[in-house]
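Before any comments, here is the structure.
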Amino acid sequence: MKSKEDSWLATRKLSIFNEFCLGVPVLFLDDLEIIERACEIHADLKRRGRPIQDADILIAATAIARGLVLVSNDSDMLRVPGVPVENWLLGV
């Protein structure tokens, strides 16, 4: 059973997250170019026997379609041709 403190903490975390979201742009998956690029990436990786998770494919496709640099520590992203990846944990 949740205590009042657990409930307060969850509410506080949600508030912090909402505040954070106000300061960053949110990219929606409502662009056909992103979906088409994701399909191409999925097919290419599957053909090469190097699949990655669907969410990672959508993230990579969004970065490519929008001309963004993807900051990630996820080595799976390096399998996607054409996505510029920076790993700030490695200083790269």
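The values are calculated or read from the model by the stated rules, or taken from the named source; none is laboratory data. If you're wondering where the values come from, they're calculated on a predicted model, not measured in any experiment. Every residue, glycine as well, gets a Cβ built from its backbone with ideal geometry; the counts of neighbours run over all protein chains shown. Only protein heavy atoms, including side chains, enter the accessible area calculation; ligands, DNA and RNA are left aside. Shrake-Rupley method; radii C 1.70, N 1.55, O 1.52, S 1.80 Å.
Details
- Point-to-point label distance, residue 14-residue 26, nm (Cα→Cβ direction, 7 Å offset): 1.4
- A run of the chain free of exposed loop cleavage sites, with chymotrypsin sites (Phe, Trp or Tyr not before Pro) counted only in DSSP states other than H, G, I, E and B and at most 14 other beta carbons within 10 Å, reaches its longest extent at 29-87.
- Each helix, a run of at least 4 DSSP H residues, gives -39500 (n - 2.57); summed and divided by the residues of the chain, these come to -17500 deg cm²/dmol at 222 nm.
- Accessible heavy-atom area order of 4, 13, highest first, probe of 1.4 Å: 4, 13
- Cα gyration tensor shape for the range 24-76, rounded if a/c is under 1.5, else prolate or oblate: oblate
- Prolate/oblate/rounded label for the chain (Cα gyration tensor, a/c 1.5): prolate
- Residue-normalised accessible area of the chain, expressed per residue, 1.4 Å probe, Å²: 78
- In sequence order, the range 79-86 has phi-based couplings of 6, 8, x, x, 9, x, 10, 10 Hz under the Karplus curve 6.51 cos²θ - 1.76 cosθ + 1.60, θ = phi - 60°, and Gly or Pro positions carry x.
- Residue 71 versus residue 90: modelled label distance in nm, points set 7 Å from Cα along the beta carbon direction: 1.7
- Computed 3J(HN,Hα) for the range 49-58, one whole-Hz value per residue from the Karplus formula 6.51 cos²θ - 1.76 cosθ + 1.60 where θ = phi - 60°, is x, 10, x, 10, 5, 4, 4, 5, 5, 5, glycine and proline marked x.
- Heavy atoms of residue 50 accessible to a 1.4 Å probe, total area in Å² rounded to 10: 110
- The chain, accessible surface, carbon-and-sulfur percent (1.4 angstrom probe): 60
- Taking the chain and dividing mean pair separation by its residue count, relative contact order in percent (alpha carbons under 8 Å, at least six apart): 20
- Karplus-derived 3J(HN,Hα), 6.51/-1.76/1.60, for each residue of the range 31-37, Hz, glycine and proline x: 10, 4, 4, 5, 5, 4, 5
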